[in-house]
Each structure stands twice: as C-alpha cells, then as structure tokens.
Amino acid sequence: MSPVKFALAGFGAWGKLHAKSIHDNPDARLVAITAPTAATRAEAAATYPGARIFATAAEMIAQADFDLIDIVTPSHTHREIALAAMAKGKHVLLEKPMAITLADCQAIVAGARRHGVHLAVGHELRLSSQWGLIKRIIEQGVIGAPQYVLVELSRKPYRTGASGWRYDQSRVGSWVLEEPIHFFDLARWYLESSGDPVELYAYGNSRDPARPTLFDNFSAMFKYPNGSYAVVSQTLAAFEHHQTVKVSGTKGALWAGWSGALDRTLEPSYFLKVFDGEKLENVKIEKHSGEVFELREEIAQSIAMVRTGKKPAATGEDGLWSAGLCLVAEESIRQQRPLPVGEMLKF
C-alpha cells in the first residue's frame, strides 16, 4: 500500500518529535510542514528535504496534497486549523487539548461528523506499554471491579513554549488543560465500566501572584453513580518528572510508577506491581514506557485509521470528555464547590 501522506502543523519541541515519528515510519510520508518562524522553516527544510514548508497552516491546507493533518500547534489555534482541514475532506490527528473551550471542542467533533472524516485525539498514554497494560489488566478482572483510581504527577516547571505561549493564559487556556488532561483521560478510561462521572471537586494554587489562575499545584476528585471515584493531582513546583498510578478494585489493586530526569528521556525507569487479592506480581513491561515511544504508536494508529477506518485509541468524543473535565475542574476552583459533570459534557 502507498504510504499515508502526513501534513504537520507545528514544528516546536513536540512538533519536531511528531515529525521524526512520522518520518521514521515506513508506512508514512511527511509531505508538508508548517513552521512559524524563518529559522524553524529553514530547520524543517534542512531536516526533511522531501516536505513542502509553509508559514501558515491555512496555506498548507490550501496548497499541499495530504491524507491526514497532524496538528501540534498552540491550543487556541486547534479549532480553526482542524475545521479547515476537515472541510477539505482531510483526516485529523489533533494534539490535546482539543481546544481551550467546550464550544470549540464540540465544534471540532461536529466538524468531523459533518465532513465524514476520522478524528483522533493525542491521548497517547492509552497506547503506552505501561499505562495501556493497566487497562488490559482491569478488563481481565484481575483486581475485580475498579473502585478507586489515583493518577499523580510531580515534576519541574513547564517550559515556556514558542513565544511564551504556555505562560499566556489566552493561548494555553490553563495548565489544567496541559498534563492533567491526560490523567483525566486515563482515570475515566480505567473506570469506563462505571459509566460517566457525575460530580467533580477541584483545588489549585499558584506560587506566582502574577499568574494566580495558572496553577502550579492542582488536584481534583470526581465520582460515579456507583460510588467509584478518581483523584487527579499534579505539582509543577518539584523536580524531574515522576508519574504514579494506583488502582484498587473489589479483589485486588495495582501500583505503577514512571520516573525520568527529563520528561522525554530515552532512559526512564518504570514499574508495575499487581496484587490479585492473593499474590503480588511485578509485571514485566515488554516495551519502553514514555511519551516518545507512545508517540510512535500514535502515528502507527493514525495510519491504520486512514487506511482501514480503525477506531482510534482516543476519539473526538474522548477528547471532548477530557477537556470538559478540565474545564469543570477550573470552574470548581473558581466557585470553591463541587459541580455536576455529566449532562454538560454529553454530545
């Protein structure tokens, strides 16, 4: 079969890793790249001489011949780029968050339906050899019915991003929409058998008074009709990059951890311990766990989506739910009370 032709919107730190993952996959061909500055356009042209280089996504969508657009631009730009590509019948791989407002997320999901294109959202942790394995263990009934999930991150402060966008609330939306969105997605995925969340309560604070609503420390708890609940927590006021997941069920429990000096290190340490109610097992993880490795799986999944219509690991509806939970969490912090969840996020 002919390689799937990828257009890449965005050539920042994470966009460059997307480009490499596309380029390294023999079933993909990187045919076009959008890079925001003369320097990054020159770098993209030198690194990927077979790709056409554009200054804007609009120019690329209008002029390039591609099958799927991979959108790795600042969050506030996602709606415009995704809808423009969909209107031309192009499939979309969209980095999380889908957008920074619920209305924009809903518009993107509606656009994919209206134009009959496939939409995958970049919740690559679902494709992880570690975090994805936890889902399979839960589905196998090893720990019984899941009742409690904790997803927690302790890490160094965020990089500023190109032109400082990650510290600009009008462009980033919030830091709850950055990494915690992955954790909301994982927790909801692990508790899928419990139905939809019904209530959420969140807390957050900042150590910089100049940006009081960009939270260095953030925690949220959300519950389900059957009494199951999840806790998502993050601090950006620590060091290195350390993620923990704990799940307890009616029979047993599991505990997993991932640590790295850098969040994209190629030599992280990780583990998974599973207790089935009688014996404790240290589960061997066959492939490296980490977002660089998961990104490779995400590109492979996108190729299958284009070629065969295979459902992506995270659909537009999943992306809508994860962004929506983040936005409800922010509102809970503002109102200092628990808020209902379910009906406002159904679509």
Computed on Cα atoms only, the convex hull of the chain has an orientation-averaged projected area in nm² of 17.1
Tell me which DSSP H helices of the chain clear both cut-offs, 27 Å or more of axial length from alpha-carbon atoms and a mean Kyte-Doolittle hydropathy of at least 0.0.
316-335
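If I stretch the segment between residue 170 and residue 56 completely, what's the gain in nm (0.36 nm per residue apart, minus their alpha carbon distance), one decimal?
Extending this stretch completely gives an extra 39.1 nm.
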In debye to the nearest 20, the charge dipole size for region 268-312, taken about the Cα centre with +1 at each Lys and Arg Cβ and -1 at each Asp and Glu Cβ, equals 220
How big is D, in µm² s⁻¹, for region 30-83 by Stokes-Einstein at 20 °C and 1.002 mPa s if Rh is the Kirkwood radius over C-alpha pairs?
186
Short version: ³J(HN,Hα) in whole Hz for each residue of region 163-177, in order, from phi by Karplus 6.51 cos²θ - 1.76 cosθ + 1.60 (θ = phi - 60°), x for Gly and Pro, what are they?
6, x, 5, 6, 9, 10, 4, 5, 9, 7, x, 5, 7, 5, 7
What is the chain's relative contact order, in percent, from Cα pairs under 8 angstrom and six or more apart in sequence?
19
Kindly work out what percent of the DSSP beta bridges joining two residues of region 114-252 are antiparallel, to the nearest 5.
75
Charge dipole of the chain about the Cα centre (unit charges at C-beta), most positive-ward option of 258, 215, 309:
309
Can you sort 1, 221, 60 so the residue with the fewest Cβ neighbours within 10 Å comes first?
1, 221, 60
Restricting things to alpha carbons, find the Rg to Rh ratio for region 6-115 using the Kirkwood radius for Rh.
0.95
Amide H neighbours of residue 199 at under 5 Å, excluding residues fewer than 5 places away on the same chain, with H built from the backbone geometry, are 223, 341
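Quote the FRET efficiency, to the nearest 0.05, computed for residue 311 versus residue 140 with a Förster distance R0 of 22 Å and r equal to the Cβ-Cβ distance.
With R0 = 22 Å, the Cβ-Cβ based efficiency is 0.60.
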In Å³ per residue, the alpha-carbon convex hull of region 153-194 encloses 74
Compute the distribution of all C-alpha to C-alpha distances in region 295-347, in bins of 5 Å from 0, and list the percent of pairs in each, rounded to whole numbers.
5, 18, 19, 16, 12, 11, 10, 7, 3, 0
Residues with amide H under 5 Å from that of residue 34, placed H, sequence gap 5 or more:
8, 9, 10, 54
Taking GluC sites (Glu not before Pro) as exposed when in a DSSP loop with at most 15 other Cβ atoms inside 10 Å, the chain has its longest clean stretch at 1-239
Given that compact globular proteins tend to follow 2.2 N^0.38 Å, what is the ratio of the alpha-carbon Rg of region 144-273 to that value?
1.13
Region 113-180: which trypsin sites (Lys or Arg not before Pro) are DSSP loop and have at most 16 other beta-carbon atoms within 10 angstrom?
159
Non-local residues with an amide H under 5 Å from the amide H of residue 249, with H modelled 1.01 Å from N and Pro and chain starts lacking one, are 147
Provide, in order from the shortest bin, the percent of all Cα-Cα pairs of region 222-347 in each 5 Å bin, continuing until the bin that contains the maximum pair distance.
2, 8, 11, 14, 17, 19, 17, 10, 2, 0
Trypsin sites (Lys or Arg not before Pro) within region 188-232: DSSP coil, no more than 14 neighbouring Cβ in 10 Å:
207
Roughly how big is the chain's charge dipole about its Cα centre, with Cβ charges of +1 (Lys, Arg) and -1 (Asp, Glu), in debye to the nearest 20?
300
In nanometres, what is the gap between the two model label sites at residue 63 and residue 203, each 7 Å from Cα along Cα-to-Cβ?
5.4
Of the DSSP beta bridges with both residues in the chain, give the percent that are antiparallel, rounding to the nearest 5.
60
Separation between the residue 244 and residue 113 pseudo-spin-labels, each 7 Å from Cα along Cα→Cβ, expressed in nm?
4.1
Whole-Hz ³J(HN,Hα) from phi, Karplus 6.51 cos²θ - 1.76 cosθ + 1.60, for region 247-256, glycine and proline x:
9, 10, x, 6, 10, x, 7, 9, 9, 9
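Where a number appears in this text, it was derived from the coordinates with a stated rule and is not lab data. Treat the numbers as computed from the prediction; the structure is a model and nothing was measured. Here the Cβ is made from the backbone with ideal geometry for all residues, glycine too, and neighbour counts use every protein chain on show.
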